Amino acid sequence: MMRPAHLLAALAFTGWIGSRDAAAGSIDHPIVGRWQLTHTASGCVETYEFRDDGTARVTSFEETLDERYEVSSTPEGRRRYRLTMTTVKDHGGRDCVGSTEDTTGKSSVGYIEFSSSTDTMIFCADATGAKCMGPLRKVGPAAR
């Protein structure tokens, strides 16, 4: 079974980063912010916090992951952005689906698609929309 916290990771490293403000070194992309996914079967909540410096923190039940991410500045195909995530540090613990696998150093590629208002998004394993999860809801800005 694919770990939801890593569908994103099993969904994303190729070298694109959303538009950067050269002076500030920040990413200007709708992914920046704090997003939540609630698993319907268990009620377990995962939080994805994408910061404008290309780092992210993912929490899923007891597990916390520190990630580095890259996202394409323009969508491919059907409004899906290519997302690459690399786990810098897996702090351990059980995630929302019961896995305790250590993913430190692992990378994955996937695709995200935003709603027209960019307040929800889905994660997909490929650009065609296979194996998607979501929606994730934007619940606030990323912490500084």
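Once the C-beta distance of residue 41 and residue 102 is scaled by a Förster radius of 30 Å, the resulting FRET efficiency is 0.75 to the nearest 0.05.
Protection proxy ranking for 125-131, 39-45, 27-33, using the average of other Cβ atoms within 10 Å per residue and placing the highest first: 27-33, 125-131, 39-45. All other residues with a Cβ under 12 Å from the Cβ of residue 128 taken together, and with Lys, Arg as +1 and Asp, Glu as -1, what is their net charge? That sum, taken over residues with Cβ under 12 Å, equals 0.
Phi angles of the stretch 67-74 translate, via the Karplus equation with coefficients 6.51, -1.76, 1.60 and θ = phi - 60°, into HN-Hα couplings of 10, 10, 10, 9, 9, 5, 7, 10 Hz per residue; Gly and Pro are given as x. Short-range pairs are left out: with C-alpha atoms under 8 Å and at least six residues apart, the relative contact order of the stretch 85-142 is 23 percent. Applying 0.36 nm per residue to the separation of residue 62 and residue 115 and subtracting their alpha-carbon distance, the gain on full extension is 16.2 nm.
Residue-wise HN-Hα couplings along the stretch 37-45, as the Karplus relation 6.51 cos²θ - 1.76 cosθ + 1.60 with θ = phi - 60° gives them from phi, are 10, 10, 6, 5, 5, 10, x, 5, 10 Hz; Gly and Pro carry x. Looking at the P(r) of the stretch 64-144, how many percent of alpha-carbon pairs lie beyond 14 Å? For the stretch 64-144, the fraction of Cα-Cα distances above 14 Å is 69 percent.
Close amide H contacts of residue 44 (hydrogens built in the peptide plane, cut-off under 5 Å, sequence separation of 5 or more or a different chain): 39.
No lab work stands behind these numbers, since they all come straight from the coordinates. Since the structure is predicted, the reported quantities are computational estimates derived from the model, not experimental observations. Methodologically, a virtual Cβ is constructed for each residue, glycine included, from the backbone with ideal geometry; neighbour enumeration extends over all protein chains shown.
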